[in-house]
1. Nearest 10 degrees, 0 to 90: what angle lies between the long axis of helix A:3-34 and the longest principal axis of chain A (Cα atoms)?
2. What do you get for Rg/Rh over chain B if you use C-alpha atoms and the Kirkwood form of Rh?
3. Could you do me a favour and compute the accessible area per residue for the range B:166-242, 1.4 Å probe, result in Å²?
4. Hey, can you find the accessible area per residue of chain A for me, probe 1.4 Å, expressed in square angstrom?
5. Please compute, for peptide A:150-158, the average count of beta-carbon atoms on other protein chains lying within 10 Å of each residue's beta-carbon.
6. Which whole-number percent is the relative contact order of chain B (Cα, under 8 Å, 6+ apart)?
7. Using alpha-carbon pairs under 8 Å, 6+ residues apart, how would you state the relative contact order of the range A:88-193 in percent?
8. Two decimals, Cα atoms only, Kirkwood Rh: what is Rg/Rh over chain A?
Amino acid sequence: MTPEAIVAIIASGLVSGSLYALMASGLSLVWGTVRMFNFAHGALVMIGAYSGWYISNRGGLAKVLQPLGKNITTNSADWGVLGDVLHPLGEWMLSAKGGFGLVVGVPVAIVFCGLAGYVIYVLLIRPFVGKPGADLIVIITTIAGASFLQNGVQVLFGPRYKQLDRILKGPPLEVLDTAIGLQEVLIIVLTPVTLILLNLFLKHSKLGLAIRAVAQNDDFARLVGINVNQIYTLTFIVSSILAGLAGLMLGGLFFILPTMGAEPLLRAFVVVVFGGLGSLPGTIIGSYAIGLIEQSSAYVFSLYWAPVVLFATLILVLIFRPRGLMGGEES
Amino acid sequence: MISFIHANKKALAVVGIVVFLAIPLVVDNKLLIHLAILGMLYAVVASNWDLTLGYAGVFNFAHLAFFGIGAYTSGILTVKLGISPWLGIPCGAVAAAIASVIVSIPAIRLRGIYVALLTFACSQLVLLLLLSQPLITGGQQGLTGVPQLQIGDFRFRESKFAHFYLVGLLLLCSTVFLRRLVTSDFGLSLIALRDFEEYAIARGIPLARQRLLAFLLSSIFPGLAGGVYAHFLIVASPDIFGFSLAILLLSMVLVGGVATIYGPVLIGVVMTYVSELMASSAWMSEIFGVSRGPVRFMFVAVIIVLTMRFFPQGVWGLIKQYSARSRMTEPAEGEDRV
């Protein structure tokens, strides 16, 4: 193995590891707090990418606004006072010809993902919280939700691939004669920052402490006056935002299509099982480990065999450590 | 009404069989017959899924893999080795049974969500293995040129009766087998393990053995159905392992009624009609344009969520509830054991 190959493997391993970490930490957080497993998490990744694309790209919202803006600017003279008010709006619509850019697209996508997560929680999860066998019912309802969103997006946007603009443009970074794209570098750097922010939020903010309190013991959390239902909702929204971020990163690397969330979600399953559900440090270590294992086995064997190695590892881990490599005994 | 059914079981069975045999004589629409065959195959898979999902209470997401393994085994054996489909189909069932044992060995050690994750991973692993060997399995395009069923010079695809009767017989055997199984001591022990695990174990029911048997017994008929499916459509495609088919079959089990067997059989056929006719009907294409295929899966998803939310007992569960209420006023008789 040449040093270039090693650098390339590490770089791509860190990129996939970062994406898995963003997804799996959300899954793990929800599992630890709400005790539910969200199979629609992959669909939220896809929603993040699509909403980012829709706002930022000229083929999205901007394209829809063009005829509307044209209509307003040409006819506003006949509309009196209303026309005077609407005219600048129409001009603004026309000026957005090239899309709104990622500066607008990314924050809007994040907000939208939070909203989508809230809707999923209210419709598919909240009605079952506290009922017997709820964790298994929620698997079914969230799978159905994921199917609904996937197919819905296909109806809305068609099967043609989309792509997000790259955030950083420019020549790739050279590390030991190996070229690493700037987008990849950005992902490798931004993910740990996000995860550290998440950690600070959980450890030092009042809401974060409440999330951890509910995760540890929801009855006692209720006793000290924490609104457990609100914390469940909040956790779910945080997790959805993390998924959305993963989608935005993924959308800048690969093509955006309705099923784009399925593959990373499967990897995230492997990760959470590997790292133990509900343990955030375990999940993050597991993500990077899985990313590196996957990329090196893709190099050593082939692209086809890498996932086989991965799933075989997962099955073996589950046989010998049924609660994950780092998962402790459940009380 | 239920007491009337109980009193005239045999007569009703005969009437049912005669009506069934007459269907292809009366119905002249090729599409409807095709969908009936497809629906009955799906009904076999869905009702067997009910054994692990409903009766054993095990979240087995590898069930469709058994169906797929049956299809691919029979397909590969007939295409690559040239053996007769009539031998290939039972081989598919054997392969599915072996796979079910392999999956169940780690699965019976796990609980709740981990079972779901493991079985999900197993079914994906099977798919990935199939895709990684395109020379044998045809890869992403699927295995084409699977021979059709024939007896002597009689080709099944040229007759509208042959597949219909064959699959009907398969569904009948599968349903009788499942109903006998779930009302037997074995079936009762599965229910006991599902509802009162600790007590059932204390009463001496071997948890691991019963669950392993549940996996094994639920894989045989889907394995057979998979083989018939491949020879009926003359292709074995990786779509079998896809998300969409899994959702469709899951909806059959849930809407039909978990732990009823009859429910998934009935709704299996109904859902196939509903979803396929949605995909081919003219008014749907007028509303949704060319992309009406996805719309039916959105519809199926909504149905699933509504079922889980408002009538988790499913259609057959509702029928049973209703009949139990009406039976209160009548003298008790021939009580169903489940």
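The values are calculated or read from the model by the stated rules, or taken from the named source; none is laboratory data. Model, not experiment: these values are computed from the prediction. A quick note on method: Cβ atoms are made from the backbone with ideal geometry, for glycine too, and the neighbour counts reach across all protein chains shown. With ligands, DNA and RNA removed, areas are computed over all heavy atoms of the protein, side chains included. Shrake-Rupley method; radii C 1.70, N 1.55, O 1.52, S 1.80 Å.
1. 90 degrees
2. 0.97
3. 42 Å²
4. 45 Å²
5. What the average comes to for A:150-158 is 5.
6. Across chain B, relative contact order equals 30 percent.
7. It rounds to 15 percent for the range A:88-193.
8. Result for chain A is an Rg/Rh of 1.03.
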